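The values are calculated or read from the model by the stated rules, or taken from the named source; none is laboratory data. Computed from a predicted structure; not experimentally measured. Here Cβ is always computed from backbone atoms with ideal geometry, including for glycine, and neighbour counts include all displayed protein chains.
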Amino acid sequence: MKNRIVMIIGVLTLVLLSINPLWRIMAADDATDETAHEKKIFSYDSAQKLYQQALTAYYRKDYEGAASLFRQFEITYPDHSMADKAAKWIIFIEKNTDHRETAGSAESLYNQAISAYYRRNHQESKTLFNEFVRRYPRHAMTDKAYNWIAFIERNSKRRGADEQGAEILYHQALDMYHHQKNPSKAITMLDTMIEQYPNHELSDNARYWMAYLQKSTPEKEDKAAAKRQITPIPKKEKEADSGEKLYQQALNAYEQKKYKEAYAQFSAFLENYPKHRLSDRATYWIGECLFAQNNFYDAISIFKEVVVRFPKSSKVPDALLMIGNAYLSLDDPGNARTLFERVVREHPSSPAAGNARPKLEQLNLREKKATPQPDKLQVLRKKGG
């Protein structure tokens, strides 16, 4: 009996010893499964929170923010059961929400980037284009924004220390003329800049300024004024006069159809006289120069700048009309109609409105022709039947 009991105890001991490691392995596996389950729950909760934030943004009418959050959800949780719904929300927001606010803010940002470029602030322009691409990845102008970024980066790589030196020399020459009243030294500096950097983007402007300074003889005029005992003209009036001369020469170049030359001269005018009373007109004529060279997209941006920056300018009706003409040239009758209607509605007695009305009539005729007409034979049969 005792021997049997000892044998049973021995067998049980062996069984327990064999079971113990297996138990530990099973317990470890259970712990791993539990941890994985917790991770799934945590991930699920994060996804739900992000999805809910996107919905909340939408119902607060923050459509841009909602689209951005849904896009973030789609990227972060591509295998989530709600990923398809997030993608549908993005499409829905872009197609069915009030596009006027979103499109307006998109166009405004795009135009700011264009304006920064034409002010020669290329770094700011690149930053704004990058912001546009980030905010509006599916906008119609996104591809053009990418092209602008590549163009700016390509040109910035070409701009070495020597080319930056050219810009410094150019601006020092203008400063020598405007502020230190030393045109002869300004001519020398401009001549040096042209000789050293003949292909620089500012070389054409430098050549223009050289010709202008060589024609004008301020030193002789000062001596003649002293002989006649004429009171010297105040500095501000002198600058205003030289600004008007530059503006008029640019306008003459435009009227002679020298659009590139006119563009460079109007740009030089805005660069040197940014607060001049003719700034709105100079900006408008830059748009006309671009339009005349079939650069319609950039022309639209410049004309919009006139409308936004100079809302009280007499050139606003003309700028609106030209935006419509540019859209018409781009075969976009819908936007063209909107602009022509705006001219007639907001500036009914302006010459621009007089030009917009027949264009609206032409668009109406064009739409009528495009509308399919009923078959006359079918109509007669119905009447006869």
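Answer yes or no as to whether ARG337 is of a type in the set (Lys, Arg) and under 24 Å from MET141 (Cβ atoms).
Taking the combined requirement at face value, the residue satisfies it.
Report, by residue number, each residue of segment 44-70 that is under 17 Å from VAL133 (Cα atoms) and either surrounded by fewer than 18 Cβ atoms within 10 Å (Cβ to Cβ) or of a type in the set (S, T, N, Q) (or both).
GLU64, GLY65, SER68
Looking at TYR146, is it of a type in the set (Ser, Thr, Tyr) and either in a loop (DSSP other than H, G, I, E, B) or at pLDDT 80 or above (or both)?
When the stated conditions are applied, TYR146 passes them.
For PRO198, are the conditions met, namely being modelled with pLDDT of 80 or more and not in a helix (DSSP H, G or I)?
The answer is no for PRO198.
Listed residues ILE302, ILE286; which is β-branched (Val, Ile, Thr), under 19 Å from TYR212 (Cβ atoms), within 19 Å of the chain's Cα centre (by Cα) and at pLDDT 90 or above?
Only one candidate passes the filter, namely ILE286.
Looking at segment 315-373, which of its residues are outside any helix (DSSP H, G or I) and farther than 17 Å from TYR297 by Cβ?
Keep residues of segment 315-373 that are outside any helix (DSSP H, G or I), which gives 315, 330-332, 347-350, 371-373.
Answer for segment 315-373, where residues must be outside any helix (DSSP H, G or I) and farther than 17 Å from TYR297 by Cβ: LYS315, HIS347, PRO348, SER349, SER350, THR371, PRO372, GLN373.
Just one of the numbered conditions (1) part of a helix (DSSP H, G or I); (2) surrounded by fewer than 19 Cβ atoms within 10 Å (Cβ to Cβ); (3) basic (Lys, Arg); (4) at pLDDT 70 or above is not true of LYS236; which one?
Of (1) part of a helix (DSSP H, G or I); (2) surrounded by fewer than 19 Cβ atoms within 10 Å (Cβ to Cβ); (3) basic (Lys, Arg); (4) at pLDDT 70 or above, only one is false for LYS236: (4).
Within segment 157-171, identify whether any single residue is modelled with pLDDT under 80, in contact with a helix residue (DSSP H, G or I) (Cβ under 7 Å, 6 or more places away or on another chain) and within 30 Å of ASP45 (Cβ to Cβ), and answer yes or no.
The answer is no, given that none of the residues of segment 157-171 is modelled with pLDDT under 80, in contact with a helix residue (DSSP H, G or I) (Cβ under 7 Å, 6 or more places away or on another chain) and within 30 Å of ASP45 (Cβ to Cβ).
Name the residue that is farthest from ALA140 (Cα to Cα), counting only residues in segment 273-306 that are buried (at least 18 other Cβ atoms within 10 Å of the Cβ), of a type in the set (A, V, I, L, M) and out of contact with any His (no Cβ under 8 Å at 6 or more places or on another chain).
LEU278
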